[in-house]
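The values are calculated or read from the model by the stated rules, or taken from the named source; none is laboratory data. Predicted model, so just to flag it, every value in this text is computed and none were measured. Methodologically, a virtual Cβ is constructed for each residue, glycine included, from the backbone with ideal geometry; neighbour enumeration extends over all protein chains shown. Heads up: the accessible areas ignore ligands, DNA and RNA and are worked out on the full protein's heavy atoms, side chains in. Shrake-Rupley method; radii C 1.70, N 1.55, O 1.52, S 1.80 Å.
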Amino acid sequence: ILLTIFMLIPLALVRWRRRRAREVTQPANCQVDRPDRPPALVICNSKYEGNFDPLPWAMKDGESICRMLDKLGFHVIECNNLSESELHQSTQRLVTELQQGEFKTPVVPIYYAGHGTEVAGTQFLVPISAKDYSDPLISLDSLMECPAKAYLEDGSQIKPLYFCILDACRSQPRSQADRIKLAAAAASKKKQAVRRKQNLKPDFVILNACEAANWAQQCPDTGHGFLTKAFIDHGWREMPLSLLLETLMQQVEQETLQRATYQQKPELTKNCSTLHTRFLGPKMTLDVSSRSTSASCIDVSSLCSGSRGERSEGPAVMTSAMQALLSAPAESAPTG
């Protein structure tokens, strides 16, 4: 009897955690549709006040991304103008939907458009509750803690790949006092990441619109951010994630060189080596169960702000295909 009790305790604990996750309050300004489909999270912060300029184009970016992800087969958790607490609630909502569905190896898109900054190697997202850099900001590491913990709790059942597109600046605050404060917060997060790195090994792909200490720019023709425009142009195409990422990065570099104030170079961080077998949309995903799955993921020192993943050098046929995509006339995404 005692042995049976000890065996049932872990199962009861997992069920309690799932029940508690479902009880988390959903932010009032998050819209959820079609829970029978794999989830995707779209966050757009535009209504800033104080020292942060409003970003009206962020809402346009988010609406276009939501339409594309919906057509790809995702149910989109659309969140607009979130405060600090609501940002954390949005990722909890994403994890709850992921745990409730029967999605074994989903690609989970997470898109963010809004203000951002980076200090001491740690990236921060700016909630609309912040009026200047002295107010609380959200580090990218802390925002991803909830998805990482979900991987730990249900690692035997769910093996998601979090596919993050961040169309935000990474410049430093001008004030030295603000830089010192954020650097102290970054140091604290790095210590926590070192303590977690032996346990937390979810698969992440993070594509930033620009390199550290630089700015994300807006396309004058479409009103979209350059990275968002590239994602809209190619995200719906049936291609492996490795090729999609390279295509996005090359288009942003080429278009900003020709049409922007300065050349913008996206930066890729990844800890997964199987991107050539993964596709973005559920409708595109191929059955690769018969293929070799011996390729292992590379350990990183933290969830997101560890060592930068180098750009994938795909086979020559993939490189040629990518060049053909970039040189071909622009197509419109399928409707319906």
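Scan the range 1-24 and give yes if some residue there is among the hydrophobic types (A, V, I, L, M, F, W, C) and modelled with pLDDT of 90 or more, otherwise no. No, there is no match, as no residue in the range 1-24 is among the hydrophobic types (A, V, I, L, M, F, W, C) and modelled with pLDDT of 90 or more. Being among the small types (G, A, S), buried (at least 16 other Cβ atoms within 10 Å of the Cβ) and either in contact (Cβ under 8 Å) with a residue 60 or more places away in the chain or farther than 16 Å from Y162 by Cα (or both): is that true of G114 here? Yes; evaluated as a whole, the condition is true for this residue. Only residues that are closer than 13 Å to A40 by Cα, open to solvent by 20 Å² or more (accessible area, probe 1.4 Å) and within 16 Å of the chain's Cα centre (by Cα): list them for the range 61-100, please. Within the range 61-100, E78, Q92, R93 qualify. The listed residues are H75, H115, and the only one of them that is farther than 28 Å from A183 by Cα and not aromatic (F, W, Y) turns out to be H75. Scan the range 125-148 residue by residue and report those that are within 13 Å of the chain's Cα centre (by Cα) and modelled with pLDDT of 95 or more. L125 - this is the single residue of the range 125-148 that is within 13 Å of the chain's Cα centre (by Cα) and modelled with pLDDT of 95 or more.
Under the condition of being more than 16 Å from the chain's Cα centre (by Cα) and more than 20 Å from A168 (Cα to Cα), the residues counted in the range 240-254 number 2. The requirement of being free of Cβ contacts under 8 Å to residues at least 60 places away in the same chain and either part of a strand (DSSP E or B) or closer than 12 Å to A209 by Cβ (or both) is fulfilled nowhere in the range 267-286; no residue meets it.
Close Cβ contacts (under 6 Å, 6 or more residues apart or on different chains) running from residues in the range 235-247 that are touching a residue at least 12 places away in the same chain (Cβ under 8 Å) to residues that are open to solvent by less than 30 Å² (accessible area, probe 1.4 Å) and part of a helix (DSSP H, G or I) comprise G235/M68; W236/M68; L241/L275; S242/L275; L243/M322; E246/M322; T247/H234; T247/M322. All conditions but one from (1) of a type in the set (K, R); (2) at pLDDT below 95; (3) part of a loop (DSSP other than H, G, I, E, B) apply to K47; the one that does not is (2). Which members of the range 251-262 meet the condition of being part of a helix (DSSP H, G or I) and touching a Pro at 6+ places or on another chain (Cβ under 9 Å)? Within the range 251-262, V252, E253, R259 meet the criteria.
Exactly one residue among G235, G281 is among the small types (G, A, S), at pLDDT 50 or above and buried (at least 21 other Cβ atoms within 10 Å of the Cβ), and that residue is G235.
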